[in-house]
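See structure below.
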Amino acid sequence: MASALEELQKDLEEVKVLLEKANRKRVRDALTVEKSKIETEIKNKMQQKSQRKAELLDNEKPAAVVAPITTGYTVKISNYGWDQSDKFVKIYITLTGVHQVPTENVQVHFTERSFDLLVKNLNGKSYSMIVNNLLKPISVEGSSKKVKTDTVLILCRKKAENTRWDYLTQVEKECKEKEKPSYDTETDPSEGLMNVLKKIYEDGDDDMKRTINKAWVESREKQAKGDTEF
């Protein structure tokens, strides 16, 4: 069975034949009008056919594969510097290009004894720094951050102004104090010295141990001879 488009094309061919044979003006005008109508219908049918074909091709296309969005990973910040004024403890963190990220990508959260910094989406990575157990309390409301060229400056407002911080955190203070040799003033001074030498001996390498052993032997020999100088 012929399609509607094929039927129209046959009608058009027949009208053309009749138009060639017609001699009367009125007949020719009528055939010309009919010819134009058929040509318009054929054109519309062909456009509809092309549109349907394009739709079918679109439906057959595989769905676009959407690449997963990668947010990168978080880098822990361990290198920083700090100093202080009468009112603030200032922490300096160097991050190349940090001044170029949106302001909302640099976030700092303060508590009375801590702060944590998060820099998001800097060159495909995030950067994090968490400092707990600050040496002394800070004012949460008075603390802030500043972003400068390649640098984040964290300003911790001292709760007690005009006080000096010897360390940034309580942990640093405790570690430093443990490293200091302890002297008991109530014990014999020579015993305190022996404790220091004992610690040096235990922590020293083989050369240090040989040196201490040699000095100890020489000291004992002098004492045996009645020479008490060490």
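The values are calculated or read from the model by the stated rules, or taken from the named source; none is laboratory data. What you see is a predicted model, and the numbers here were worked out from it, not measured in a lab. No Cβ is skipped: glycine too gets one built from the backbone with ideal geometry, and neighbour counts run over all protein chains shown.
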Fill in: residue 115 among the hydrophobic types (A, V, I, L, M, F, W, C), modelled with pLDDT of 95 or more and within 18 Å of residue 79 (Cβ to Cβ)
yes
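I'd like to check something: does the range 220-229 contain any residue that is part of a loop (DSSP other than H, G, I, E, B) and modelled with pLDDT of 95 or more?
No; the residues of the range 220-229 include none that is part of a loop (DSSP other than H, G, I, E, B) and modelled with pLDDT of 95 or more.
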Fill in: In the range 124-155, residue nearest to residue 175 (Cα to Cα) [restricted to those that are among the polar types (S, T, N, Q) and surrounded by 13 or more Cβ atoms within 10 Å (Cβ to Cβ)]
133
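Mind listing whichever residues of the range 13-22 are in contact with a helix residue (DSSP H, G or I) (Cβ under 8 Å, 6 or more places away or on another chain) and modelled with pLDDT under 80? If you could, list the steps in order and put the result at the bottom.
Residues of the range 13-22 in contact with a helix residue (DSSP H, G or I) (Cβ under 8 Å, 6 or more places away or on another chain): 15-16, 18-19, 22.
Within the range 13-22, 15, 19, 22 meet the criteria.
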Fill in: Residue list for the range 122-174, filter: among the hydroxyl-bearing types (Ser, Thr, Tyr) and assigned to a strand (DSSP E or B)
126, 127, 128, 139, 143, 144, 151, 169
Worksheet, complete the sentence: Pairs returned, first residue in the range 4-28 that is farther than 22 Å from residue 47 by Cβ, second residue that is not in a helix (DSSP H, G or I), beta-carbon separation under 6 angstrom, 6 or more apart or interchain, are 28/22
